[in-house]
1. Under 8 Å for C-alpha pairs, at least 6 residues apart: give me the relative contact order for the stretch 5-143, rounded to a whole percent.
2. In whole Hz, what ³J(HN,Hα) sequence does the stretch 89-99 give by Karplus (6.51, -1.76, 1.60; θ = phi - 60°), x for Gly and Pro?
3. List the residues whose amide H sits under 5 Å from the amide H of L15, counting only those 5 or more places along or on another chain, with H placed 1.01 Å from N in the peptide plane.
4. Report, by chain and number, residues whose modeled amide H sits under 5 Å from the one on G63, excluding near sequence neighbours (fewer than 5 apart, same chain).
5. Quick one: net charge of Y125's neighbours, Cβ under 15 Å, K/R +1, D/E -1?
6. What number, rounded to the nearest 500 deg cm²/dmol, is the helix-based mean residue ellipticity at 222 nm of the chain, given -39500 (n - 2.57) per DSSP H run of at least four residues and division by all its residues?
7. Please order V47, V76 by the number of other Cβ within 10 Å, starting at the fewest.
8. HN-Hα J couplings of the stretch 12-17 from phi, Karplus 6.51/-1.76/1.60, θ = phi - 60°, integer Hz, Gly and Pro as x?
Amino acid sequence: MRPLHIFFDMDYTILGMDGSLRPGVQEVFQRLRQDGHTIHIWSGMGVRWGEVRSNGLANLVAGVYEKPLQDYRLAVQRMVERGEIPRFPDLVVDDYPEIVSALGGIVVRPYFWPNPNDREMERVYQIICDLSTNGHSPDQAFRRPAT
Ligand SMILES: [Mg+2]
């Protein structure tokens, strides 16, 4: 199993419009950590430690950063060089397909309104398990990075 550095988006990926946490986020983060992966959180709206803490995620993540909004590969490379993020992501998880296509990762269905029946985080976990063991996932939500 290959340990992965996984970067999660915030709005509509792990948080709804009202700021509530998507079902399964804490549990899946815990399982990913137990599996040896490292979780990072970033947002196009800035460094949001406050919401990460208030949702009980602070001790599950390695860091919280600002996410680039365009020219993703170049922007991320520059952020790594400046020390703004610790490394290039192995995988991004985001509701916005463009950043996932550029960097590689998982496109999630946007989470707008509180929905206790939402199971998208389970799907994310399954894809990550497949990737870390096989290097591939049959799920159409998986995108290889553009090169
Ligand atoms: Mg988003």
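Bear in mind these aren't lab numbers, they're just calculated from the coordinates by the rules spelled out. Here the structure is a predicted model, which means the values were calculated and not measured. Using ideal geometry, Cβ is built from the backbone for each residue, glycine included, and neighbour counts are taken over all protein chains shown.
1. Values: 219 pairs, mean separation 41.3, N = 139.
Computed value for the stretch 5-143: 30 percent relative contact order.
2. Going residue by residue, I get x, 6, 7, 10, 10, 7, 7, 9, x, 4, 5 Hz, with x marking Gly and Pro.
3. R22
4. Long-range HN contacts for G63: I41.
5. Working: positive: R22, R31, R33, R109, R119, R123; negative: E27, D35, D118, E120, E122, D130, D139.
Net of charged neighbours comes to -1.
6. On the way: 5 runs with 48 residues, N = 147.
Rounded to the nearest 500, the figure is -9500 deg cm²/dmol.
7. Numbers: V47 15, V76 23.
Ordered by Cβ neighbours within 10 Å, fewest first: V47, V76.
8. Here the 3J(HN,Hα) series is 6, 9, 10, 10, x, 4 Hz.
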